[in-house]
Amino acid sequence: MKLRAVAAAAMLLVTTPLAGCAPPGFACPAMMYITPGPVVVETDPVIGVDVSISACLGRECKPLPLDPVETGVRHVPAPSYDGVNVEHGVRVVIRDAVGAIIRDEWHAVPYQRDTPGPCPGPITLQPVRVP
């Protein structure tokens, strides 16, 4: 009988901290939501046509040149294997006509949660605005 009491106490000690992310009596589903992207980068159209804009997801990544989708708008593709991780952000590099770096900046990727409540769920990416 004492063994059962010890086992029950041990179970409570292990499971109680795990329930801290949700209200009591509530469990989040064990699923992963993949955000396919792309990350949209919006630049000021005044920047001009004689500059090149490169970007990549993360801080220490290698930026690749991006073609404009429309004036001042470019899409940074997400890795095909796991989608966009908004915590990594996006690195944007702007170069002049001769290739000199004008700006090399990291930006957070803004997003909006699609579902209310305490559990993580799908999100919608918002544009990254580079002034």
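Here, each number is a calculation from the coordinates, and none is a lab measurement. Just so it is clear, the structure is predicted and the values come from calculations on it, not from any experiment. When we count neighbours, we look across all protein chains shown, and the Cβ atoms used for this are built from the backbone with ideal geometry, even at glycine.
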- Show the residues, 5+ positions off or on another chain, whose built amide H is closer than 5 Å to the amide H of Val39. Val76, Ala78
- Message: Give me, ordered by chain and number, the residues 5 or more places off Cys61 or on other chains with an amide H under 5 Å from its own placed amide H.
- Response: none
- About its Cα centre, segment 35-126 carries a charge dipole, from +1 on Lys and Arg Cβ atoms and -1 on Asp and Glu Cβ atoms, whose size in debye to the nearest 20 is 180
- Exposure proxy order (Cβ contacts within 10 Å, fewest to most) of Val41, Val86, Val73: Val73, Val86, Val41
- Query: Which ³J(HN,Hα) values, rounded to whole Hz and listed in residue order, are derived for segment 121-131 from phi using the Karplus coefficients 6.51, -1.76 and 1.60 in 6.51 cos²θ - 1.76 cosθ + 1.60 with θ = phi - 60°, glycine and proline given as x?
  - Reply: x, x, 10, 10, 6, 9, x, 8, 9, 9, x
- Message: Using Cβ contacts closer than 10 Å as the measure, can you line up Val51, Val128, Val39 from fewest to most?
- Response: Val51, Val128, Val39
- Item | Top positive-direction residue, dipole computed over segment 42-97 with Cβ charges, set Cys56, Val69, Ala97 | Cys56
